[in-house]
Amino acid sequence: MTENANKKVLFITSRLFWPADSGRKVSLYYYCKGLKEQLGYDVYVYSFLEGGQKADEANSRPEFLEDVRVASPISSLIKVKNLISAAFNKHMPLQCALYQSEDNKAALRSFCATINPDVIIIDMIRFAPYIDALDDLGCPVVLDYDDLLSKRYLRQINEKGGNFLGNYAVQSPGIVGKLAANGVVGKVVLSIESARVREAEDWYARKSSAVLFVSPKEAQELDRRLDTNKCFSATVGAKIESLPQEPLAKKYDLGFVGNFNTSANQASLHYICNEILPLVPDLSFRVIGVCPKDIEESYRTLSQVSFSGRVKTISGELLKCKMMLCPFAYGSGIKTKVLEAMGMGLPVVTNSLGVEGLTCEPGVDLLVAETPQALASACEELLGDGGLRQSIGFAGQEYVRMNHDWKTSVNNLGRCLDYAMNVPNA
(Lines give C-alpha, C1' and ligand atoms only; values in the text may rest on other atoms or scores of the structure.)
Protein backbone atom coordinates (compact mmCIF):
# COMPACT_ATOMS: atom_id res chain seq x y z
CA MET A 1 0.00 0.00 0.00
CA THR A 2 1.33 3.44 -0.91
CA GLU A 3 1.17 6.78 0.83
CA ASN A 4 -1.96 7.56 -1.24
CA ALA A 5 -4.01 4.87 0.53
CA ASN A 6 -7.54 6.13 1.19
CA LYS A 7 -7.06 9.13 -1.07
CA LYS A 8 -9.77 9.37 -3.69
CA VAL A 9 -9.60 10.47 -7.30
CA LEU A 10 -12.66 11.18 -9.42
CA PHE A 11 -11.98 10.75 -13.14
CA ILE A 12 -14.53 12.41 -15.43
CA THR A 13 -14.06 10.48 -18.67
CA SER A 14 -15.21 11.03 -22.23
CA ARG A 15 -16.20 7.37 -22.66
CA LEU A 16 -16.38 4.05 -20.87
CA PHE A 17 -12.90 2.66 -21.43
CA TRP A 18 -13.49 -1.05 -21.28
CA PRO A 19 -12.80 -3.06 -23.30
CA ALA A 20 -9.62 -1.10 -24.06
CA ASP A 21 -9.97 -1.40 -27.83
CA SER A 22 -8.87 2.08 -28.96
CA GLY A 23 -5.94 4.37 -28.25
CA ARG A 24 -7.71 6.69 -25.81
CA LYS A 25 -9.43 3.83 -24.02
CA VAL A 26 -6.06 2.13 -23.51
CA SER A 27 -4.65 5.25 -21.84
CA LEU A 28 -7.66 5.73 -19.59
CA TYR A 29 -7.67 2.04 -18.65
CA TYR A 30 -4.02 1.93 -17.62
CA TYR A 31 -4.11 5.33 -15.92
CA CYS A 32 -6.98 4.20 -13.69
CA LYS A 33 -5.53 0.73 -13.12
CA GLY A 34 -2.22 2.27 -12.12
CA LEU A 35 -3.83 4.87 -9.87
CA LYS A 36 -5.37 2.04 -7.86
CA GLU A 37 -2.84 -0.77 -8.00
CA GLN A 38 0.40 1.20 -8.21
CA LEU A 39 -0.32 4.48 -6.44
CA GLY A 40 -2.98 3.34 -3.98
CA TYR A 41 -5.83 5.73 -4.85
CA ASP A 42 -9.46 4.77 -4.66
CA VAL A 43 -10.67 5.48 -8.20
CA TYR A 44 -14.17 6.69 -9.06
CA VAL A 45 -15.41 7.38 -12.60
CA TYR A 46 -18.12 9.66 -13.95
CA SER A 47 -18.33 8.73 -17.61
CA PHE A 48 -20.00 10.17 -20.66
CA LEU A 49 -20.70 7.76 -23.53
CA GLU A 50 -19.23 7.70 -27.00
CA GLY A 51 -21.12 6.52 -30.08
CA GLY A 52 -22.41 2.97 -29.76
CA GLN A 53 -21.90 2.66 -26.00
CA LYS A 54 -24.77 1.82 -23.65
CA ALA A 55 -25.16 2.81 -20.02
CA ASP A 56 -25.46 -0.79 -18.81
CA GLU A 57 -21.87 -1.44 -19.95
CA ALA A 58 -20.85 0.35 -16.74
CA ASN A 59 -22.03 -2.75 -14.86
CA SER A 60 -19.01 -4.68 -16.13
CA ARG A 61 -16.53 -2.16 -14.72
CA PRO A 62 -12.96 -3.34 -14.00
CA GLU A 63 -12.36 -4.42 -10.41
CA PHE A 64 -9.87 -1.60 -9.80
CA LEU A 65 -12.70 0.96 -9.94
CA GLU A 66 -14.66 1.71 -6.77
CA ASP A 67 -17.74 3.02 -8.55
CA VAL A 68 -18.86 4.22 -11.99
CA ARG A 69 -21.64 6.71 -12.68
CA VAL A 70 -22.83 7.24 -16.25
CA ALA A 71 -23.63 10.77 -17.38
CA SER A 72 -27.24 11.64 -18.11
CA PRO A 73 -28.04 11.63 -21.84
CA ILE A 74 -28.04 15.11 -23.35
CA SER A 75 -31.05 15.60 -25.59
CA SER A 76 -30.81 16.97 -29.12
CA LEU A 77 -32.93 19.92 -28.02
CA ILE A 78 -30.44 20.89 -25.31
CA LYS A 79 -27.55 20.44 -27.75
CA VAL A 80 -29.20 22.71 -30.29
CA LYS A 81 -29.87 25.34 -27.62
CA ASN A 82 -26.26 25.11 -26.48
CA LEU A 83 -25.02 25.50 -30.05
CA ILE A 84 -27.19 28.55 -30.65
CA SER A 85 -25.81 30.09 -27.48
CA ALA A 86 -22.24 29.19 -28.51
CA ALA A 87 -22.76 30.76 -31.92
CA PHE A 88 -22.94 34.14 -30.17
CA ASN A 89 -20.10 33.36 -27.77
CA LYS A 90 -16.79 33.37 -29.61
CA HIS A 91 -15.04 32.00 -26.53
CA MET A 92 -16.97 28.70 -26.43
CA PRO A 93 -15.88 25.84 -28.74
CA LEU A 94 -18.84 24.15 -30.38
CA GLN A 95 -17.82 20.73 -29.13
CA CYS A 96 -17.71 22.01 -25.54
CA ALA A 97 -21.19 23.45 -25.97
CA LEU A 98 -22.53 20.11 -27.22
CA TYR A 99 -21.65 18.36 -23.98
CA GLN A 100 -22.79 20.93 -21.41
CA SER A 101 -25.73 19.86 -19.26
CA GLU A 102 -27.20 21.27 -16.08
CA ASP A 103 -28.32 17.76 -15.11
CA ASN A 104 -24.76 16.47 -15.36
CA LYS A 105 -23.35 19.42 -13.46
CA ALA A 106 -25.79 18.72 -10.63
CA ALA A 107 -25.05 14.97 -10.76
CA LEU A 108 -21.32 15.61 -10.62
CA ARG A 109 -21.65 17.88 -7.61
CA SER A 110 -23.82 15.26 -5.89
CA PHE A 111 -21.27 12.52 -6.66
CA CYS A 112 -18.49 14.71 -5.26
CA ALA A 113 -20.51 15.31 -2.10
CA THR A 114 -20.91 11.53 -1.71
CA ILE A 115 -17.29 10.49 -2.23
CA ASN A 116 -15.41 13.68 -1.23
CA PRO A 117 -12.53 13.26 -3.73
CA ASP A 118 -9.02 14.56 -2.99
CA VAL A 119 -8.46 15.39 -6.66
CA ILE A 120 -10.55 15.43 -9.84
CA ILE A 121 -9.32 14.66 -13.36
CA ILE A 122 -11.29 15.85 -16.40
CA ASP A 123 -10.70 14.03 -19.66
CA MET A 124 -10.32 16.06 -22.90
CA ILE A 125 -10.88 19.72 -23.73
CA ARG A 126 -14.54 19.20 -24.72
CA PHE A 127 -15.41 18.47 -21.09
CA ALA A 128 -13.15 21.13 -19.54
CA PRO A 129 -16.03 23.61 -18.94
CA TYR A 130 -17.31 21.26 -16.23
CA ILE A 131 -14.52 22.75 -14.12
CA ASP A 132 -16.85 25.73 -13.64
CA ALA A 133 -19.39 23.54 -11.85
CA LEU A 134 -16.70 22.35 -9.44
CA ASP A 135 -15.13 25.72 -8.65
CA ASP A 136 -16.50 26.15 -5.16
CA LEU A 137 -15.83 22.60 -3.94
CA GLY A 138 -12.25 23.39 -2.94
CA CYS A 139 -10.95 20.32 -4.78
CA PRO A 140 -7.95 20.52 -7.12
CA VAL A 141 -8.76 19.76 -10.76
CA VAL A 142 -6.36 18.28 -13.33
CA LEU A 143 -7.23 18.67 -17.01
CA ASP A 144 -6.12 15.65 -19.03
CA TYR A 145 -5.83 17.23 -22.46
CA ASP A 146 -4.08 14.17 -23.97
CA ASP A 147 -2.73 16.39 -26.76
CA LEU A 148 -3.10 19.94 -28.12
CA LEU A 149 -6.31 19.59 -30.09
CA SER A 150 -6.02 23.07 -31.57
CA LYS A 151 -2.76 22.05 -33.23
CA ARG A 152 -4.33 18.89 -34.60
CA TYR A 153 -7.20 20.93 -36.06
CA LEU A 154 -4.83 23.31 -37.83
CA ARG A 155 -3.17 20.34 -39.48
CA GLN A 156 -6.56 18.90 -40.33
CA ILE A 157 -7.57 22.14 -42.05
CA ASN A 158 -4.35 22.21 -44.04
CA GLU A 159 -4.87 18.61 -45.06
CA LYS A 160 -8.45 18.18 -46.29
CA GLY A 161 -10.68 19.52 -43.59
CA GLY A 162 -12.75 16.95 -41.77
CA ASN A 163 -15.24 16.43 -39.00
CA PHE A 164 -14.08 18.03 -35.75
CA LEU A 165 -16.55 15.90 -33.75
CA GLY A 166 -14.73 12.66 -34.52
CA ASN A 167 -16.42 9.65 -32.94
CA TYR A 168 -18.95 11.99 -31.28
CA ALA A 169 -20.50 12.97 -34.61
CA VAL A 170 -22.98 10.10 -34.32
CA GLN A 171 -24.38 11.62 -31.11
CA SER A 172 -24.88 15.10 -32.55
CA PRO A 173 -28.07 16.56 -34.02
CA GLY A 174 -28.29 15.66 -37.72
CA ILE A 175 -27.73 19.16 -39.04
CA VAL A 176 -24.65 19.57 -36.82
CA GLY A 177 -23.12 16.39 -38.15
CA LYS A 178 -23.69 17.53 -41.72
CA LEU A 179 -22.13 20.94 -41.10
CA ALA A 180 -19.14 19.42 -39.33
CA ALA A 181 -18.51 16.86 -42.08
CA ASN A 182 -16.05 17.23 -44.92
CA GLY A 183 -16.61 20.00 -47.41
CA VAL A 184 -16.37 23.75 -47.73
CA VAL A 185 -18.71 24.47 -44.81
CA GLY A 186 -16.96 21.91 -42.64
CA LYS A 187 -13.61 23.51 -43.32
CA VAL A 188 -14.90 26.94 -42.33
CA VAL A 189 -16.46 25.53 -39.15
CA LEU A 190 -13.22 23.69 -38.37
CA SER A 191 -11.21 26.88 -38.81
CA ILE A 192 -13.45 28.72 -36.34
CA GLU A 193 -13.39 25.76 -33.97
CA SER A 194 -9.60 25.58 -34.05
CA ALA A 195 -9.27 29.19 -32.88
CA ARG A 196 -11.88 28.68 -30.17
CA VAL A 197 -10.27 25.48 -28.95
CA ARG A 198 -6.87 27.16 -28.65
CA GLU A 199 -8.40 29.93 -26.54
CA ALA A 200 -10.27 27.36 -24.42
CA GLU A 201 -7.11 25.30 -23.92
CA ASP A 202 -5.41 28.35 -22.44
CA TRP A 203 -8.40 29.59 -20.44
CA TYR A 204 -9.23 26.33 -18.71
CA ALA A 205 -5.56 25.43 -18.19
CA ARG A 206 -5.18 28.64 -16.20
CA LYS A 207 -8.23 27.73 -14.10
CA SER A 208 -6.94 24.22 -13.37
CA SER A 209 -4.40 23.06 -10.81
CA ALA A 210 -2.42 21.10 -13.42
CA VAL A 211 -2.62 19.90 -17.02
CA LEU A 212 -1.66 16.47 -18.35
CA PHE A 213 -0.44 15.43 -21.81
CA VAL A 214 0.94 12.23 -23.30
CA SER A 215 3.79 14.11 -24.98
CA PRO A 216 6.40 16.07 -22.97
CA LYS A 217 6.89 18.24 -26.04
CA GLU A 218 3.28 19.44 -25.94
CA ALA A 219 3.37 19.89 -22.16
CA GLN A 220 6.36 22.19 -22.60
CA GLU A 221 4.64 23.98 -25.47
CA LEU A 222 1.59 24.90 -23.38
CA ASP A 223 3.74 25.88 -20.40
CA ARG A 224 5.59 28.31 -22.68
CA ARG A 225 2.31 29.62 -24.06
CA LEU A 226 0.96 30.29 -20.56
CA ASP A 227 4.25 31.10 -18.84
CA THR A 228 3.54 28.44 -16.21
CA ASN A 229 5.06 25.21 -14.93
CA LYS A 230 1.82 23.29 -14.33
CA CYS A 231 1.91 21.03 -17.41
CA PHE A 232 3.02 17.41 -17.03
CA SER A 233 3.30 14.40 -19.30
CA ALA A 234 2.45 10.75 -18.73
CA THR A 235 3.40 9.12 -21.98
CA VAL A 236 1.45 6.36 -23.63
CA GLY A 237 2.65 2.94 -22.59
CA ALA A 238 2.39 -0.35 -24.43
CA LYS A 239 2.31 -3.99 -23.43
CA ILE A 240 5.27 -6.15 -24.40
CA GLU A 241 4.03 -9.23 -26.20
CA SER A 242 6.02 -12.43 -26.75
CA LEU A 243 7.72 -12.22 -30.13
CA PRO A 244 6.57 -14.78 -32.69
CA GLN A 245 9.32 -16.90 -34.16
CA GLU A 246 9.98 -16.45 -37.88
CA PRO A 247 9.06 -17.97 -40.22
CA LEU A 248 5.44 -17.78 -39.08
CA ALA A 249 2.34 -18.17 -41.19
CA LYS A 250 0.76 -14.75 -41.66
CA LYS A 251 -2.60 -14.30 -43.34
CA TYR A 252 -2.12 -10.65 -44.36
CA ASP A 253 0.83 -8.59 -45.58
CA LEU A 254 -0.16 -5.21 -44.16
CA GLY A 255 -2.35 -4.22 -41.23
CA PHE A 256 -3.82 -0.94 -39.99
CA VAL A 257 -5.62 -0.42 -36.67
CA GLY A 258 -8.14 2.23 -35.69
CA ASN A 259 -11.64 3.27 -34.76
CA PHE A 260 -12.94 4.32 -38.15
CA ASN A 261 -15.73 6.45 -36.77
CA THR A 262 -13.07 9.15 -36.41
CA SER A 263 -12.16 11.41 -39.31
CA ALA A 264 -8.40 11.09 -38.65
CA ASN A 265 -8.48 7.30 -39.10
CA GLN A 266 -10.80 7.65 -42.08
CA ALA A 267 -8.34 10.09 -43.70
CA SER A 268 -5.41 7.72 -43.12
CA LEU A 269 -7.40 4.79 -44.53
CA HIS A 270 -8.31 6.85 -47.59
CA TYR A 271 -4.65 7.78 -48.09
CA ILE A 272 -3.48 4.16 -47.82
CA CYS A 273 -6.17 2.73 -50.09
CA ASN A 274 -6.06 5.42 -52.77
CA GLU A 275 -2.42 6.49 -52.80
CA ILE A 276 -0.27 3.60 -51.55
CA LEU A 277 -2.02 0.31 -52.29
CA PRO A 278 -2.26 0.97 -56.07
CA LEU A 279 1.56 0.97 -56.03
CA VAL A 280 1.65 -2.49 -54.38
CA PRO A 281 -1.36 -4.29 -55.92
CA ASP A 282 -0.19 -7.76 -54.90
CA LEU A 283 -0.12 -7.02 -51.16
CA SER A 284 -3.07 -7.86 -48.91
CA PHE A 285 -4.25 -5.20 -46.47
CA ARG A 286 -6.23 -5.85 -43.27
CA VAL A 287 -8.26 -3.02 -41.71
CA ILE A 288 -8.67 -3.79 -38.00
CA GLY A 289 -11.26 -2.13 -35.77
CA VAL A 290 -14.79 -0.78 -35.66
CA CYS A 291 -15.81 0.67 -39.03
CA PRO A 292 -19.09 2.23 -40.22
CA LYS A 293 -20.77 0.26 -42.97
CA ASP A 294 -20.65 3.11 -45.48
CA ILE A 295 -16.87 3.46 -45.04
CA GLU A 296 -16.37 -0.28 -45.42
CA GLU A 297 -18.58 -0.43 -48.51
CA SER A 298 -16.63 2.34 -50.22
CA TYR A 299 -13.58 0.03 -50.43
CA ARG A 300 -15.37 -3.20 -51.36
CA THR A 301 -14.12 -3.00 -54.95
CA LEU A 302 -10.50 -3.26 -53.74
CA SER A 303 -9.86 -7.00 -53.62
CA GLN A 304 -6.66 -6.62 -51.58
CA VAL A 305 -8.54 -4.90 -48.72
CA SER A 306 -10.49 -6.73 -46.00
CA PHE A 307 -12.15 -5.53 -42.79
CA SER A 308 -12.15 -7.25 -39.41
CA GLY A 309 -14.92 -5.24 -37.77
CA ARG A 310 -14.98 -5.23 -33.96
CA VAL A 311 -12.56 -7.85 -32.64
CA LYS A 312 -12.06 -9.44 -29.24
CA THR A 313 -8.40 -8.44 -29.13
CA ILE A 314 -6.60 -6.00 -31.41
CA SER A 315 -3.26 -7.74 -30.84
CA GLY A 316 -4.61 -11.13 -31.88
CA GLU A 317 -5.82 -9.74 -35.20
CA LEU A 318 -2.78 -7.55 -35.83
CA LEU A 319 -0.40 -10.47 -35.30
CA LYS A 320 -1.98 -12.09 -38.36
CA CYS A 321 -0.20 -9.38 -40.36
CA LYS A 322 3.45 -9.32 -41.37
CA MET A 323 3.78 -5.61 -40.59
CA MET A 324 1.77 -2.51 -39.80
CA LEU A 325 1.39 0.30 -42.31
CA CYS A 326 0.16 3.45 -40.57
CA PRO A 327 0.92 6.81 -42.18
CA PHE A 328 -1.10 9.64 -40.62
CA ALA A 329 -2.95 12.27 -42.62
CA TYR A 330 -2.96 14.64 -39.63
CA GLY A 331 -2.87 14.51 -35.86
CA SER A 332 -0.79 15.46 -32.85
CA GLY A 333 0.64 13.84 -29.75
CA ILE A 334 1.87 10.26 -29.47
CA LYS A 335 0.20 7.60 -31.62
CA THR A 336 -0.84 4.65 -29.49
CA LYS A 337 -1.23 2.29 -32.42
CA VAL A 338 2.42 2.73 -33.39
CA LEU A 339 3.65 1.83 -29.90
CA GLU A 340 1.27 -1.11 -29.54
CA ALA A 341 2.48 -2.66 -32.80
CA MET A 342 6.11 -2.11 -31.81
CA GLY A 343 5.42 -3.66 -28.41
CA MET A 344 4.22 -6.79 -30.23
CA GLY A 345 7.50 -6.95 -32.13
CA LEU A 346 5.66 -6.10 -35.35
CA PRO A 347 7.65 -3.94 -37.79
CA VAL A 348 6.02 -0.58 -38.49
CA VAL A 349 6.08 1.71 -41.53
CA THR A 350 4.80 5.22 -40.84
CA ASN A 351 5.48 8.88 -41.66
CA SER A 352 6.93 11.71 -39.56
CA LEU A 353 3.59 12.37 -37.84
CA GLY A 354 3.62 8.78 -36.62
CA VAL A 355 6.85 9.31 -34.66
CA GLU A 356 6.10 12.80 -33.38
CA GLY A 357 6.74 12.87 -29.65
CA LEU A 358 8.79 9.64 -29.79
CA THR A 359 12.56 9.25 -29.47
CA CYS A 360 12.85 6.08 -31.55
CA GLU A 361 15.39 5.86 -34.36
CA PRO A 362 13.98 5.67 -37.92
CA GLY A 363 15.61 2.92 -39.93
CA VAL A 364 16.40 0.97 -36.76
CA ASP A 365 13.26 0.78 -34.61
CA LEU A 366 10.81 1.31 -37.48
CA LEU A 367 10.75 2.71 -41.03
CA VAL A 368 9.68 6.29 -41.77
CA ALA A 369 8.78 7.63 -45.22
CA GLU A 370 6.77 10.59 -46.45
CA THR A 371 5.48 10.02 -49.98
CA PRO A 372 3.20 7.23 -51.24
CA GLN A 373 6.04 5.93 -53.39
CA ALA A 374 8.50 5.87 -50.48
CA LEU A 375 5.96 4.24 -48.16
CA ALA A 376 5.17 1.57 -50.75
CA SER A 377 8.90 0.92 -51.27
CA ALA A 378 9.43 0.58 -47.51
CA CYS A 379 6.67 -2.03 -47.36
CA GLU A 380 8.17 -3.98 -50.23
CA GLU A 381 11.62 -3.79 -48.65
CA LEU A 382 10.38 -5.23 -45.36
CA LEU A 383 8.22 -7.90 -46.95
CA GLY A 384 11.08 -9.00 -49.16
CA ASP A 385 13.58 -9.36 -46.32
CA GLY A 386 12.60 -11.58 -43.38
CA GLY A 387 15.82 -10.79 -41.56
CA LEU A 388 15.18 -7.05 -41.74
CA ARG A 389 11.61 -7.59 -40.59
CA GLN A 390 12.81 -9.52 -37.57
CA SER A 391 15.58 -7.01 -36.77
CA ILE A 392 13.22 -4.02 -36.82
CA GLY A 393 10.60 -5.95 -34.87
CA PHE A 394 13.11 -6.74 -32.10
CA ALA A 395 14.52 -3.20 -32.04
CA GLY A 396 11.06 -1.63 -31.94
CA GLN A 397 10.00 -3.83 -29.05
CA GLU A 398 13.14 -2.99 -27.10
CA TYR A 399 12.51 0.73 -27.67
CA VAL A 400 9.01 0.34 -26.18
CA ARG A 401 10.37 -1.69 -23.26
CA MET A 402 12.89 1.03 -22.39
CA ASN A 403 10.79 4.15 -23.06
CA HIS A 404 7.06 3.40 -22.81
CA ASP A 405 6.53 1.35 -19.71
CA TRP A 406 3.11 1.87 -18.10
CA LYS A 407 4.64 1.83 -14.61
CA THR A 408 6.77 4.87 -15.43
CA SER A 409 3.81 6.57 -17.10
CA VAL A 410 1.63 6.09 -14.01
CA ASN A 411 4.40 7.42 -11.77
CA ASN A 412 4.46 10.58 -13.91
CA LEU A 413 0.68 10.84 -13.57
CA GLY A 414 1.18 10.59 -9.81
CA ARG A 415 3.64 13.47 -9.91
CA CYS A 416 1.02 15.56 -11.69
CA LEU A 417 -1.60 14.77 -9.04
CA ASP A 418 0.87 15.46 -6.21
CA TYR A 419 1.58 18.86 -7.72
CA ALA A 420 -2.13 19.64 -8.12
CA MET A 421 -2.92 18.71 -4.52
CA ASN A 422 -0.13 20.89 -3.22
CA VAL A 423 -0.77 24.05 -5.23
CA PRO A 424 -1.65 26.87 -2.80
CA ASN A 425 -5.39 27.61 -2.88
CA ALA A 426 -5.98 24.68 -5.25
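The values are calculated or read from the model by the stated rules, or taken from the named source; none is laboratory data. Keep in mind the model is a prediction, meaning the values are calculated, not measured. Glycine gets a Cβ as well: all are built from the backbone with ideal geometry, and neighbour counts include every protein chain shown. Surface accessibility is based on the protein's heavy atoms, side chains included, excluding ligands, DNA and RNA. Shrake-Rupley method; radii C 1.70, N 1.55, O 1.52, S 1.80 Å.
Points to keep in mind about this one:
- Mean projected area (nm²) of the alpha-carbon convex hull when the range 69-152 is viewed from all directions: 6.2
- Mean shadow area of the range 21-96 over all directions, Cα convex hull, nm²: 6.7
- Relative contact order for the chain, counting Cα pairs under 8 Å that sit 6 or more residues apart, in percent: 15
- Over the range 277-426, Cα pairs under 8 Å with separation of 6+ residues give a relative contact order of 19 percent.
- From its DSSP helices (H runs of at least four residues, each -39,500 (n - 2.57)), the chain gives a residue-normalised ellipticity at 222 nm of -12500 deg cm²/dmol.
- Top of 352, 22, 60 by mean-square fluctuation, Gaussian network on the chain, Cα under 10 Å: 60
- q = 0.28 Å⁻¹, the range 256-313: log10 I(q)/I(0) [Debye, one scatterer per Cα]: -1.31
- The range 6-95: GluC sites (Glu not before Pro) in DSSP loop, at most 10 other beta carbons within 10 Å: 63
- Fraction of C-alpha pairs exceeding 15 angstrom in the range 342-426: 65 percent, rounded to a whole number.
- Value of relative contact order over the range 33-136, rounded to a whole percent, pairs C-alpha under 8 Å and six or more apart: 21
- Whole-percent P(r), the chain, all Cα pairs, 10 Å bins from 0: 4, 22, 32, 26, 13, 3, 0.
- Among the listed pairs 90/230; 207/230; 33/230; 7/54, those with a Cα-Cα distance over 18 Å are 90/230; 33/230; 7/54.
- Comparing 318, 77, 149 in a Gaussian network model of the chain, where Cα atoms under 10 Å apart are tied by springs, the biggest mean-square fluctuation is seen for 77.
- Whole-percent carbon and sulfur share, accessible surface of the chain, 1.4 Å: 51
- The C-alpha atoms of the range 283-426 occupy a region whose extents along the principal axes are 61, 38, 29 Å, arranged from largest to smallest.
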